[in-house]
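Read the structure below first, then the notes.
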Ligand SMILES: [Zn+2]
Ligand SMILES: [Zn+2]
């Protein structure tokens, strides 16, 4: 077996070329992988360019640096996470809480057993629960006691007047002034009447 130096050099040349081609393909695929990965993780154009530059310049150590520094979640995962947080917040807000002591209450409680805060009132007609500010029962349309009523009849309106009249009594002076003026107007015709009767 003779050892030909030219075959050896050809073999090394082939091997080197193959290694170079493999490294070039690896470099290109790593750059493309970084481009796809950063595109799904960051919207910022500067962050995208920087990530691709780090991998393109530093090659394999650059990939290591990129894997350490890249955003932990993709944009899709971030979106799903925000949706889950929103749903969680909604369920928390839907749990009824006592306005007085902030403890958990049941929706059909009339008063809080911990701080005795009034929570609901009962319709006197149908007996179902109403919110405290409501003036009208939403189930049977009966106005709550003490609520302002429309389409009120004249008799019902007059029944409330005697109660309001005593409150108007204290300003008595303006009433006296109004009484004086008609008296003065009435005296004038009396003075004119004799002159008219004397003329004929
Ligand atoms: Zn309470
Ligand atoms: Zn009712």
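Condition check ((1) at positive phi; (2) at pLDDT 90 or above; (3) surrounded by fewer than 10 Cβ atoms within 10 Å (Cβ to Cβ)) across all residues:
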residue	(1), (2), (3)
129	no, yes, no
138	no, yes, no
146	yes, no, yes
154	no, no, yes
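Using the structure shown, decide if residue 106 is away from ligand 2 (no atom under 16 Å from the Cβ) and not in a helix (DSSP H, G or I).
On the way: away from ligand 2 (no atom under 16 Å from the Cβ): yes; not in a helix (DSSP H, G or I): yes.
Against the criterion (away from ligand 2 (no atom under 16 Å from the Cβ) and not in a helix (DSSP H, G or I)), residue 106 qualifies.
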- Task: Quickly run through the range 104-120 and pick out the residues that are in contact (Cβ under 8 Å) with a residue 12 or more places away in the chain and closer than 23 Å to residue 91 by Cβ.
- Result: 105, 108, 112, 114, 119, 120
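Can you name the residue in the range 110-127 that is within 24 Å of residue 141 (Cβ to Cβ) and away from ligand 2 (no atom under 16 Å from the Cβ) and is also surrounded by the fewest Cβ atoms within 10 Å (Cβ to Cβ) among such residues? Show your work before the answer.
In the first step, residues of the range 110-127 are kept if they are within 24 Å of residue 141 (Cβ to Cβ); the result is 110, 118-127.
The next check asks that each one be away from ligand 2 (no atom under 16 Å from the Cβ); those that pass are 118-119.
On the way: 118: 11, 119: 19.
So, considering only residues that are within 24 Å of residue 141 (Cβ to Cβ) and away from ligand 2 (no atom under 16 Å from the Cβ), the one surrounded by the fewest Cβ atoms within 10 Å (Cβ to Cβ) is 118.
The values are calculated or read from the model by the stated rules, or taken from the named source; none is laboratory data. What you see is a predicted model, and the numbers here were worked out from it, not measured in a lab. Because the Cβ atoms are built from the backbone with ideal geometry, glycine has one as well, and the counts that use them run over all protein chains shown.
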